[in-house]
Every structure is written in structure tokens, then in C-alpha cells.
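*Asks:* Before anything else, here's the structure in question.
The values are calculated or read from the model by the stated rules, or taken from the named source; none is laboratory data. Model, not experiment: these values are computed from the prediction. Every residue, glycine as well, gets a Cβ built from its backbone with ideal geometry; the counts of neighbours run over all protein chains shown. The accessibility values were calculated without ligands, DNA or RNA, using every heavy atom of the protein model including side chains. Shrake-Rupley method; radii C 1.70, N 1.55, O 1.52, S 1.80 Å.
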Amino acid sequence: MVILDVTIINVAVPVIGRELSASLTEIQWITDGYTLVFAGLLLTGGALGDRLGNRRVFCTGVTVFAAASLVCALAPDTPALVAGRFVEGLGAALIVPGSLALLQQAYPDPAVRSRAFGLWGSVAGVAASAGPLLGGLLVSTTGWRWVFLINLPVGVACLVLTLRHVDRSPRLPSRPLDWPAQCAVVAAVALLTGALNEAGRLGWSSPAVLAGFALAGLAVAGFALRERLARSPVLPLGLLRSRAMSGGAVIGLLFNFGFYGMVFTASLDFQHQRGYSALVTGVALFPAVAMTMFASALSGRLAHRTGDRPLVVGGLLLAAAGLAGWAAAGTEPPYPALVLPMMAAGFGTSFALTGSTGTVMGSAPAGYAGTASALFNTTRQVGSAVGVALGGTLLATAVDYGSGVRVSMAVGAAAYLAAAGLARLCVPARPRSA
């Protein structure tokens, strides 16, 4: 549900924008309202999971997510839809840390756990693959509201299966929640995303946009200071001294920035410039997202043999080549010229996801699985939100749509290359099974 709601909405938002008379900035908020709350509250979700039990928090998140999906489906206007997306983000922030922590709990053997993380990535790949096609099919037949209604039966099935088959999780009730730090994270993500979104409407030199960037920086500084002084920090700074954990988190930010920025700008380009329908747009995006499913399954099998570093570095370089190929294809390239670049980006991103997930979770101390998962997924969702916001702003401020897409792809390729360089320094080379 969590990943599906990232990719399925990209195909639906142009139609939603037309039916609800939303501006480009409001369309960005429909997408980013979800991801910014998701990213801002992931550390809270991880801390709650460690404190109250990951299974309990996971099930609560599924319930909240399903209820919020119903609110989105019934939204009469854009503000109501954005509000529903905010609540969906809250549910997602409770679901994702618990999912990885429950896998960590269920599979203590590193070799078996690497395959489990590969399966986790494969499920995400299935959702990413199904999102554009399913979104296009639903929008073209039953209407965009079914993009959200589809989450209700999935949520019910998830609750039943989890309560029946997943063991209860250990709890650490002595670990308090650091609310000032949580608020600082939410403020930093919201201010950064808001400034990037509004830059397309107000301009990069607008006082409001510059103030948003400055305040986001202050919120990050405030979070670091609070964590240094707190008796029980939500993110112990000692965890960040682990090169594998901190480096893996930044790598996740960069590859999500590149991939989801590409999907968002490509969706707008296909529908606004090329005149594709929502369904045809889903088919056109399929080469990118379908490769995530295949590559996730393959990388899960390879991880315990090769180690994480070859997967992460090789995947990031392949994805960088894909987006660079798109940027080099010109301002109005024919669609067939974009198929291989999209496939390379999807395949490479999935390899990087599996390897970096194993790196971060494998470096987590006992009792901090939820926190480590939350850190990794927080940075990933920050990357997604920033990628979408910056992509929309580049489209809005470019001389023409084609130039904006080209610049967006070049920026994404640079992010992938930076992540590959970081992976060579931070990701362990030795196979985890050793």
C-alpha cells in the first residue's frame, strides 16, 4: 500500500488536477503532502515500534492508512484531498519501520535475512510496477477515487494476516519519546519541501522561498543539538558514527531523489506534452517500474554471495547511465529512445535498494531495529519529496517543458553518481553470510 500510493498517484494527479481545478503547485502537494508527513514521522514510528512493540504499531499504521484512504476517495476538493494525504503519510510512517523490524525479528540468520530483505524489495517492486498501470486503468474506467479505495481491502487483508501469523514483538517501555526532536524533523522536512514546491510559483529568489530554506536549516541544527543533549534521544548520535548506517541512509536519499523525480516529471511530460491518456502513461512508464520487480528478486539472491557493495555501486552507476541517456536524448526525444534509460534506472535503483537496506539493518545494534529502519526510510522519503518538488519546479521555471525534463534527468543522474561514490566508501565489501 505504501509504495503503491507513491507510484499510482503520479499517473492520477493530472486527471485529479483537471477535475478539482488544481494548479501545478497544488498537484505537487497532492503528491508531496503524503511523502513529507511520511518522511517527517518515520523516526517517530520507529521509536514507537521499539517502545510499544513493532507488531502493534504496524497494525495501527495499517488501520490509519486505510481510513485515510477512504477520506481521500471522498474528498470534495483539493484541500480535503491534501489533508487526507497527510493522514495517509502518518499511517505509512507507522507501517514501514515496523515491517523491516519484524523481518529482522523473524530472520536472525544474516544469509536468510538478506533473502527476506530481497523479498521485501520485490514486493515494493511489484507495487511500483503495478502502480502506473493500475492507476491508469482505474482512472480511465472507474475514476481517480478508486486509486484510494483499492487500499481498503488490502488493508483489511494485511491486518488479518499479520494478527494471525506474525509473533508479538518485544517492547522497551523505558525508552521515552523525544517530542522536541520529532517536531524538529517534521519542521525540517515540511519547510524544505514547501520551499521547493513554492519556488516554481514564486521564484527561487522569493523571500518566502529563501526563508523556507533558512528555517529548514535551523530545524536540522535544532534537531542535532537536541539529540546531543537529550538523555534518551530518538536517534542516538552514536548510531550515526557507524559509516555503514549513516552512509546507507544518505545513499537511500539520493537514489529515491533520482528515481521518483524521474517518475513524476515523466508522468507530467507524457500527459501534458505528448497527450497520452492516464492508461497509456502507465504503460509508457512500465519499463522503468517493471524492472524493479525483477531486479529486487535477483539482488536478494545475490546479496549473500557478493556482499552489498557490488550491488549498490553497480546499480547506482547503471541508473545514472539511464538518466544521463534520457538527458542526452534531447528536448523532444521519441518514446522508443526512452525505454532503455527507464529500464536502466529501475533495475539499478532496485539493486541499490536491496544492498543499502541490508547494510543499514545489518549495522543496527540490538533493540534499535525500528530506529535504524526509520532512519533509512526517513532519508529515502525525504529524497522522494525533494525529487518531486524539485522536478515540478524545474518544469515550471524552464523555458519549455522539454528543457525542464532534460535538466531534471541530468540532476537525477548526478545524484546517482554521488551515491555511487559514497557507496564505495561506506558499504561493506564482504558478503553478509560470511
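*Asks:* May I ask you to list pairs of residues, at least six apart or on different chains, whose Cβ atoms are under 8 Å apart, with the first in segment 312-330 being in a helix (DSSP H, G or I) and the second being open to solvent by 30 Å² or more (accessible area, probe 1.4 Å) and among the basic types (Lys, Arg)?
*Replies:* Note: pairs meeting the criteria are VAL313/ARG424; TRP326/ARG406; ALA327/ARG406.
*Asks:* Also: Please work out which one of (1) open to solvent by less than 60 Å² (accessible area, probe 1.4 Å); (2) closer than 30 Å to ALA364 by Cβ; (3) touching a residue at least 24 places away in the same chain (Cβ under 8 Å) is the condition ALA278 fails and give its number.
*Replies:* Exception for ALA278: condition (2).
*Asks:* Report yes if VAL154 is at pLDDT 80 or above and open to solvent by 10 Å² or more (accessible area, probe 1.4 Å), otherwise no.
*Replies:* Criteria met by VAL154.
*Asks:* Filter segment 373-416 down to the residues that are open to solvent by less than 30 Å² (accessible area, probe 1.4 Å) and aromatic (Phe, Trp, Tyr), then identify the one that is nearest to VAL250 (Cα to Cα).
*Replies:* PHE376
*Asks:* Check whether at least one residue in segment 283-297 is under 19 Å from the mean Cα position of the chain (by Cα) and either at pLDDT 85 or above or of a type in the set (Asp, Glu) (or both), and report yes or no.
*Replies:* No: zero hits.
*Asks:* If you don't mind, another one. Here is a check on your reading of the model: is GLY258 in contact (Cβ under 8 Å) with a residue 24 or more places away in the chain, within 21 Å of the chain's Cα centre (by Cα) and either part of a helix (DSSP H, G or I) or surrounded by fewer than 23 Cβ atoms within 10 Å (Cβ to Cβ) (or both)? Walk me through how you get there before you give the answer.
*Replies:* On the way: in contact (Cβ under 8 Å) with a residue 24 or more places away in the chain: yes; within 21 Å of the chain's Cα centre (by Cα): yes; either part of a helix (DSSP H, G or I) or surrounded by fewer than 23 Cβ atoms within 10 Å (Cβ to Cβ) (or both): yes.
Yes; evaluated as a whole, the condition is true for this residue.
*Asks:* Does any residue in segment 17-29 that is outside any helix (DSSP H, G or I) come within less than 8 Å, Cβ to Cβ, of a residue that is charged (D, E, K, R) and open to solvent by 20 Å² or more (accessible area, probe 1.4 Å) six or more places away or on a different chain, and which pairs are these?
*Replies:* What qualifies is SER23/ARG201.
*Asks:* Sort out which residues of segment 61-77 are at pLDDT below 90 and open to solvent by 10 Å² or more (accessible area, probe 1.4 Å), and write them in order of number.
*Replies:* PRO76, ASP77
*Asks:* Take the residues in segment 381-434 that are among the hydroxyl-bearing types (Ser, Thr, Tyr) and in a helix (DSSP H, G or I), then tell me which one is nearest to ASN256 (Cα to Cα). Quick ask: steps written out before the conclusion?
*Replies:* Narrowing segment 381-434 to residues among the hydroxyl-bearing types (Ser, Thr, Tyr): 384, 393, 397, 401, 403, 408, 416, 433.
Add one more test, that the residue is in a helix (DSSP H, G or I), and what stays is 384, 393, 397, 401, 403, 408, 416.
On the way: SER384: 5, THR393: 17, THR397: 23, TYR401: 22, SER403: 22, SER408: 14, TYR416: 9 Å.
Looking at residues that are among the hydroxyl-bearing types (Ser, Thr, Tyr) and in a helix (DSSP H, G or I), I get SER384.
*Asks:* Turning to a different aspect of this structure: Can you find even one residue in segment 48-60 that is open to solvent by 20 Å² or more (accessible area, probe 1.4 Å), touching a residue at least 60 places away in the same chain (Cβ under 8 Å) and out of contact with any Gly (no Cβ under 9 Å at 6 or more places or on another chain)?
*Replies:* Going residue by residue through segment 48-60, those that are open to solvent by 20 Å² or more (accessible area, probe 1.4 Å) are 48, 51-52, 55-56, 58, 60.
Those still in the list that are touching a residue at least 60 places away in the same chain (Cβ under 8 Å) too: 48, 51-52, 55-56, 58.
Retained after the next criterion (residues that are out of contact with any Gly (no Cβ under 9 Å at 6 or more places or on another chain)): 52.
So far as segment 48-60 goes, yes, one or more of its residues are open to solvent by 20 Å² or more (accessible area, probe 1.4 Å), touching a residue at least 60 places away in the same chain (Cβ under 8 Å) and out of contact with any Gly (no Cβ under 9 Å at 6 or more places or on another chain).
*Asks:* Would segment 184-198 turn up any residue that is of a type outside the set (D, E, K, R), within 28 Å of ASP50 (Cα to Cα), out of contact with any helix residue (DSSP H, G or I) (no Cβ under 6 Å at 6 or more places or on another chain) and surrounded by 15 or more Cβ atoms within 10 Å (Cβ to Cβ)?
*Replies:* Scanning segment 184-198 turns up no residue that is of a type outside the set (D, E, K, R), within 28 Å of ASP50 (Cα to Cα), out of contact with any helix residue (DSSP H, G or I) (no Cβ under 6 Å at 6 or more places or on another chain) and surrounded by 15 or more Cβ atoms within 10 Å (Cβ to Cβ).
*Asks:* Residues to consider are PRO132, PRO108, PRO97; find the one that is in a loop (DSSP other than H, G, I, E, B) and within 30 Å of LEU375 (Cβ to Cβ).
*Replies:* Exactly one of PRO132, PRO108, PRO97 is in a loop (DSSP other than H, G, I, E, B) and within 30 Å of LEU375 (Cβ to Cβ), namely PRO108.
*Asks:* If you go through segment 138-188, how many residues are closer than 24 Å to THR378 by Cβ and more than 22 Å from the chain's Cα centre (by Cα)?
*Replies:* Adding up the residues that qualify gives 14.
*Asks:* Here's another thing I want to ask about it. State all residues of segment 30-60 that are at pLDDT below 80 and more than 18 Å from GLY370 (Cα to Cα); if no residue qualifies, say none.
*Replies:* THR31, ASP32, THR35, LEU36
*Asks:* Sticking with this one: Suppose the filter is open to solvent by 40 Å² or more (accessible area, probe 1.4 Å) and either assigned to a helix (DSSP H, G or I) or free of Cβ contacts under 8 Å to residues at least 40 places away in the same chain (or both); does LEU36 pass it? Before the answer, list the steps.
*Replies:* Working: open to solvent by 40 Å² or more (accessible area, probe 1.4 Å): no; either assigned to a helix (DSSP H, G or I) or free of Cβ contacts under 8 Å to residues at least 40 places away in the same chain (or both): yes.
Judged against the criteria, LEU36 is not a match.
*Asks:* So, one more: Applying the selection to segment 417-434, what residues are at pLDDT 85 or above and open to solvent by 30 Å² or more (accessible area, probe 1.4 Å)?
*Replies:* Hits for segment 417-434 are LEU417, ALA418, GLY421, LEU422, ARG424, LEU425.
*Asks:* Can we say GLY362 is at negative phi and either of a type in the set (A, V, I, L, M, F, W, C) or modelled with pLDDT of 85 or more (or both)?
*Replies:* Working: at negative phi: yes; either of a type in the set (A, V, I, L, M, F, W, C) or modelled with pLDDT of 85 or more (or both): no.
For GLY362, the condition - at negative phi and either of a type in the set (A, V, I, L, M, F, W, C) or modelled with pLDDT of 85 or more (or both) - is not met.
*Asks:* Also, quick follow-up: Can you name the residue in segment 311-325 that is out of contact with any Pro (no Cβ under 9 Å at 6 or more places or on another chain) and open to solvent by 10 Å² or more (accessible area, probe 1.4 Å) and, of all such residues, is farthest from LEU340 (Cα to Cα)? I'd like the intermediate steps shown before the answer.
*Replies:* Initially, segment 311-325 is screened for residues out of contact with any Pro (no Cβ under 9 Å at 6 or more places or on another chain), giving 311-320.
With the extra rule that they be open to solvent by 10 Å² or more (accessible area, probe 1.4 Å), the set shrinks to 313-314, 317-318.
Values: VAL313: 19, GLY314: 16, LEU317: 14, LEU318: 11 Å.
Among those residues, the one meeting the criterion is VAL313.
*Asks:* Any residue in segment 330-343 that is among the hydroxyl-bearing types (Ser, Thr, Tyr), in contact with a Gly (Cβ under 9 Å, 6 or more places away or on another chain) and modelled with pLDDT under 85? Can you show your working first?
*Replies:* Step one: filter segment 330-343 for residues among the hydroxyl-bearing types (Ser, Thr, Tyr), giving 331, 335.
Right, trim to in contact with a Gly (Cβ under 9 Å, 6 or more places away or on another chain) and you get 331.
With the extra rule that they be modelled with pLDDT under 85, the set shrinks to 331.
Looking through segment 330-343, at least one residue is among the hydroxyl-bearing types (Ser, Thr, Tyr), in contact with a Gly (Cβ under 9 Å, 6 or more places away or on another chain) and modelled with pLDDT under 85.
*Asks:* Out of all the residues in segment 360-368, is one or more within 29 Å of GLN105 (Cα to Cα), open to solvent by less than 10 Å² (accessible area, probe 1.4 Å) and not hydroxyl-bearing (Ser, Thr, Tyr)? Reasoning before the result, please.
*Replies:* Taking segment 360-368 as the starting set, the residues that turn out to be within 29 Å of GLN105 (Cα to Cα) are 360-368.
Now narrow it down to the ones that are open to solvent by less than 10 Å² (accessible area, probe 1.4 Å): 360-361.
Then drop every residue that is not not hydroxyl-bearing (Ser, Thr, Tyr), which leaves 360-361.
Yes, that holds for at least one residue.
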